[in-house]
Structure formats: C-alpha cells, structure tokens
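Single-structure report; data block below.
Bear in mind that the values in this text are calculations on the coordinates, not laboratory data. As the structure is a computational prediction, the values presented were derived from the model and not from experiment. Here the Cβ positions follow ideal geometry from the backbone for every residue, glycine too, while neighbour counts run over all protein chains shown.
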Amino acid sequence: MFAGERTNTLAVTLYAEGDWTEARREAARVLSEHPDDETARLILADAALQLNPKSAEALSELDALSNEATDPAIRSRAAYHAGRAYWALGNRVAAWNAYAIAFLHPENQATFLRSGCAMFLLKREDGTLGEQEPALLQQLATCRDLWNFDLRDEVRVHTAKEKKVTGISPRCANRLFLSVTNCASDRLAMLVGAELF
C-alpha cells in the first residue's frame, strides 16, 4: 500500500485497519526518528483528519505532500485524501483541484479510479467545475465506464450539512430506501404471482 522506506509495517497496518489513533501515534513515533518519511507524514495527516475532519493542520500537510512529495505515489494519495477532506468541508473547487492532481498523476490504479470517479460526482453537483480544462473533462469522459455503482458509493463524500438533514448519512438513507423498495417489490411480485395461479 505504501512505499515508505522507513515507515514500519505497524503504522501501515494500523492505518489499513482503520485504527486512526494508534496509526497516528505510530506515524508520529516514526517521524520523531525520521522527519522526512513521507509515508509517515501521509499516515499522520490522514489519520488526524479521520479523527477530526476539520483539522486545518492535517489538511495543510496533505496539501504540502500533494505538491512536494518526492514519491509520486505519495503525492497522488495525499491529493486524493485532501480532495475528500475539502469535499466534506463543502469546498468543491478545492476538492476538484486536489482530485485532479491525483487523477493526472496516476501512480496507483486505485487512486486514479477513485479520484476520477470523485471528480465525475463533483461535476454532477457543480457543472461549472473543469470548464477551463476541456482536455481533463474529455479524459474523465473516457473513463466513465470504469466507475461502477459500488465505487461511486465508496468515493462519494457527504458534507456535515447533508448529514444533519436526516440524522444519518445520505448513503445509509439511500441503501435503506433501496432495501425497502426491494422488499416492497418482492411482496408485490409474490401477490401478483399468487393471483395469477
């Protein structure tokens, strides 16, 4: 997942498991010994954002990594995570720009797909995004068939404002609606089938 030479596997493992507090602690320990370890910087910043989505310091670190990291894969991942953070904060323009960095520097196929899909979803929310970049929009259009509905659900970010409307995330509300709809369809099919025979 990460290519850091010095970042120990514990920090990477904790991060992959979603143990944000411990991943952050371990990444900080690695950085105390090797302050230039870009993988540890990425883990520390993203874990901090997972714990506090409004952390300006963590977002600033992701921005710095997305522009200055020597490892292109770290630069791409940092840009993707910065895009998610900006989108969650409601800043679609900054999210678009961050995702574009990840999309245009695809060192990792998963990051490429996720950032492109996120840009597609952002463009659907705000049609003015990317108007000055027709080549980028054309590149996105050619990738559209790669974004299945599971990937779209995975990368879609909901702002705090959207979550306040129902008390649950729109993704959960959508899945609940689909479950109820499918259940109702099944009952209807059973009733219609019973009447026919």
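Some points to look at:
- Subset of segment 127-143 [more than 12 Å from residue 115 (Cα to Cα) and part of a helix (DSSP H, G or I)]: 134, 135, 136, 137, 138, 139, 141, 142
- The listed residue being of a type outside the set (Gly, Ala, Ser) and loosely packed, with under 11 Cβ neighbours inside 10 Å, out of 132, 139: 132
- When residues in segment 28-49 are screened for being in a helix (DSSP H, G or I) and in contact (Cβ under 8 Å) with a residue 24 or more places away in the chain, 13 of them pass.
- Here the condition is being touching a residue at least 60 places away in the same chain (Cβ under 8 Å), within 27 Å of residue 146 (Cα to Cα) and buried (at least 18 other Cβ atoms within 10 Å of the Cβ); of 88, 78, 82, it holds for 88 alone.
- Criterion: buried (at least 17 other Cβ atoms within 10 Å of the Cβ), out of contact with any Asp or Glu (no Cβ under 8 Å at 6 or more places or on another chain) and over 22 Å from residue 154 (Cα atoms) - qualifying residue of 61, 22, 57: 61
- Selection from segment 98-120 of residues that are in a helix (DSSP H, G or I), crowded, with 17+ Cβ neighbours inside 10 Å and not aromatic (Phe, Trp, Tyr): 98, 100, 101, 102, 111, 113, 114, 115, 116, 117, 118, 119
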